[in-house]
Amino acid sequence: MAVAQEHEILVVAPATADLLAKLAHGLADDFLTTLYLAFTGPVVLAPAMNVNMWRHAATQGNLETLRKRGHRIVEPESGYLACGMTGPGRLAEPETIAEAVAREGARRKDLEGETILITAGPTQEPLDPVRYISNRSSGRMGYALAEAAAARGARVVLVSGPVALPPLAGVETIPVRTAAEMREKVLENLDRADIVVKAAAVADYHLGRVPAQKVKKTAARMSLELDPTPDILAELGRKKGDRLLIGFAAETENLQQEARRKLEMKNCDMVVGNLVGPELGFESEENEVILALRTGAVIPLARASKREIADRIFDEALKLRLALHLAHER
Ligand code: CTP
């Protein structure tokens with residue numbers, strides 16, 4: 001299908017509920033849906049439909065699938081619709097669609113030639129052969145970053161704690177379990193990296209000496225004495241050279257203040273701060289973050305899919321690198 005190879009971006013505006021369903025499920029019974037399946041570049045979809053069709057669980061499920069696939073959805077606007085109802089469903093303004101297309105075009109291969117080292121997921125710190133301490137990180141944000149970087153042409157090395165996510169095609173994934181293992185693999189791969197993104201939720205404490213046998217329930221009360229794990233990000237801050245270093249701060253309060261504090265303490269160029277709670281953060285498909293930059297600027301990013309947030313992080317990281325005049329030719 002030559003037309004699929006000859007074009008850089010596929011834009012569908014308006015995208016109907018029926019078309020979204022077909023694309024989500026990979027049906028290919030006409031020209032457009034066949035073109036879509038044969039097309040490997042970025043896809044921008046601008047839906048327009050009746051408000052109830054838009055809100056229907058089937059449509060929202062299909063949108064979720066398409067977003068996860070990395071496609072850009074230009075949200076419909078609210079207003080008076082042709083069907084006589086009022087609400088979201090009206091095709092976005094042409095300028096908004098054009099802006100999304102321009103952004104996709106610029107991102108196309110802007111990380112070509114770069115090696116990006118990303119950490120993702122939680123770490124597990126064993127207490128005995130069957131138990132461990134960990135946290136609620138799902139790894140989704142780190143995997144979205146890896147996927148976005150690979151789509152933009154980067155060579156990606158993903159050091160991943162234990163997660164329940166499918167492996168990413170075209171990404172070199174190094175599985176690890178503990179903070180100590182993560183540190184070792186990160187340092188082993190640091191030399192070849194141009195950008196390092198530490199999205200992993202590393203456990204802060206571990207048991208220094210892990211018993212060889214399962215601990216039995218004999219004591220009436222039990223307490224654990226834990227030692228700090230190595231702070232990988234802080235060590236990278238000391239060894240980063242002219243690499244761009246991006247850390248994360250998952251907080252339940254004082255987001256901006258904490259992001260800034262971590263940026264300075266760990267010598268990062270950017271810290272992505274996100275509030276974690278019942279609706280956002282670890283297990284969610286979406287995220288809402290602030291980017292604290294070395295320049296002193298703070299950029300809030302509106303709630304969006306983790307993949308879109310990942311792309312925005314790289315957009316800002318590249319701008320920041322230019323502003324800081326950091327070299328990336330190594
Ligand atoms: N991090 C790390 N190694 C650790 C702990 C954290 O590399 N042992 C990194 C994380 O990958 C993240 C950043 O540091 O990019 C912030 O992690 P966080 O746990 O929020 O920060 P802490 O320094 O542990 O601060 P606190 O627990 O006091 O909030």
One residue from Val186, Val196, Val159, Val163 being in a helix (DSSP H, G or I), of a type outside the set (Lys, Arg), touching a residue at least 12 places away in the same chain (Cβ under 8 Å) and surrounded by 15 or more Cβ atoms within 10 Å (Cβ to Cβ): Val186
For the structure I just gave you, tell me whether Ala304 is under 21 Å from Ala150 (Cβ atoms) and either more than 9 Å from the ligand (Cβ to nearest atom) or aromatic (Phe, Trp, Tyr) (or both). yes
Please go through (1) within 15 Å of the ligand (Cβ to nearest atom); (2) under 22 Å from the mean Cα position of the chain (by Cα); (3) modelled with pLDDT of 95 or more; (4) buried (at least 17 other Cβ atoms within 10 Å of the Cβ) for Glu251 and return the number of the only condition it doesn't satisfy. (3)
Any chance region 60-72 includes a residue that's β-branched (Val, Ile, Thr) and either open to solvent by 40 Å² or more (accessible area, probe 1.4 Å) or in the same structural domain as Ala146 (by TED's automatic domain parsing) (or both)? yes
Only one of Ile290, Ile309 is surrounded by 21 or more Cβ atoms within 10 Å (Cβ to Cβ), at pLDDT 90 or above and hydrophobic (A, V, I, L, M, F, W, C), namely Ile309
Among the listed residues Ala146, Ala180, identify the single one that is among the hydrophobic types (A, V, I, L, M, F, W, C), surrounded by 17 or more Cβ atoms within 10 Å (Cβ to Cβ), at pLDDT 95 or above and part of a helix (DSSP H, G or I). Ala146
Determine whether region 3-11 contains at least one residue that is out of contact with any strand residue (DSSP E or B) (no Cβ under 6 Å at 6 or more places or on another chain), part of a strand (DSSP E or B), outside the structural domain of Val176 (by TED's automatic domain parsing) and farther than 21 Å from Arg307 by Cβ. no
Among the residues in region 101-113, are any within 30 Å of Val159 (Cβ to Cβ), part of a loop (DSSP other than H, G, I, E, B), of a type in the set (A, V, I, L, M) and modelled with pLDDT of 90 or more? yes
Output for region 4-57, where each listed residue is touching a residue at least 40 places away in the same chain (Cβ under 8 Å) and small (Gly, Ala, Ser): Ala13, Ala17, Ala21, Ala24, Gly41, Ala46, Ala48
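So which residues in region 199-224 are open to solvent by 70 Å² or more (accessible area, probe 1.4 Å) and either in contact (Cβ under 8 Å) with a residue 12 or more places away in the chain or within 11 Å of the ligand (Cβ to nearest atom) (or both)? Write out each step before concluding.
Pass one, region 199-224, residues open to solvent by 70 Å² or more (accessible area, probe 1.4 Å): 204-205, 209, 212-214, 216-218, 220-224.
Listed by number, the residues that qualify are Asp204, Tyr205, Ala212, Gln213, Lys214, Leu224.
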Determine if region 78-85 includes at least one residue that is in contact with a strand residue (DSSP E or B) (Cβ under 7 Å, 6 or more places away or on another chain), in a strand (DSSP E or B) and either open to solvent by less than 60 Å² (accessible area, probe 1.4 Å) or aliphatic (A, V, I, L, M) (or both). yes
Test result for Thr34, open to solvent by less than 20 Å² (accessible area, probe 1.4 Å) and either in contact with a Ser or Thr (Cβ under 8 Å, 6 or more places away or on another chain) or part of a helix (DSSP H, G or I) (or both): no
Failed criterion for Asp194 (all others in (1) within 24 Å of Asn135 (Cα to Cα); (2) away from the ligand (no atom under 12 Å from the Cβ) hold): (1)
Would you point out which residue out of Arg261, Arg238 is more than 8 Å from the ligand (Cβ to nearest atom), of a type in the set (Lys, Arg), closer than 22 Å to Glu114 by Cα and without any contact (Cβ under 8 Å) to a residue 40 or more places away in the chain? Arg238
Run Asp227 past the list (1) within 12 Å of the ligand (Cβ to nearest atom); (2) farther than 18 Å from Ala203 by Cα; (3) free of Cβ contacts under 8 Å to residues at least 24 places away in the same chain and report the number of the one that doesn't hold. (2)
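The values are calculated or read from the model by the stated rules, or taken from the named source; none is laboratory data. Treat the numbers as computed from the prediction; the structure is a model and nothing was measured. Cβ coordinates were reconstructed from backbone atoms using ideal geometry, including for glycine residues, and neighbour counts include every protein chain displayed. Each accessible area value is taken on the protein alone, full model and side chains, heavy atoms only, with ligands, DNA and RNA left out. Shrake-Rupley method; radii C 1.70, N 1.55, O 1.52, S 1.80 Å.
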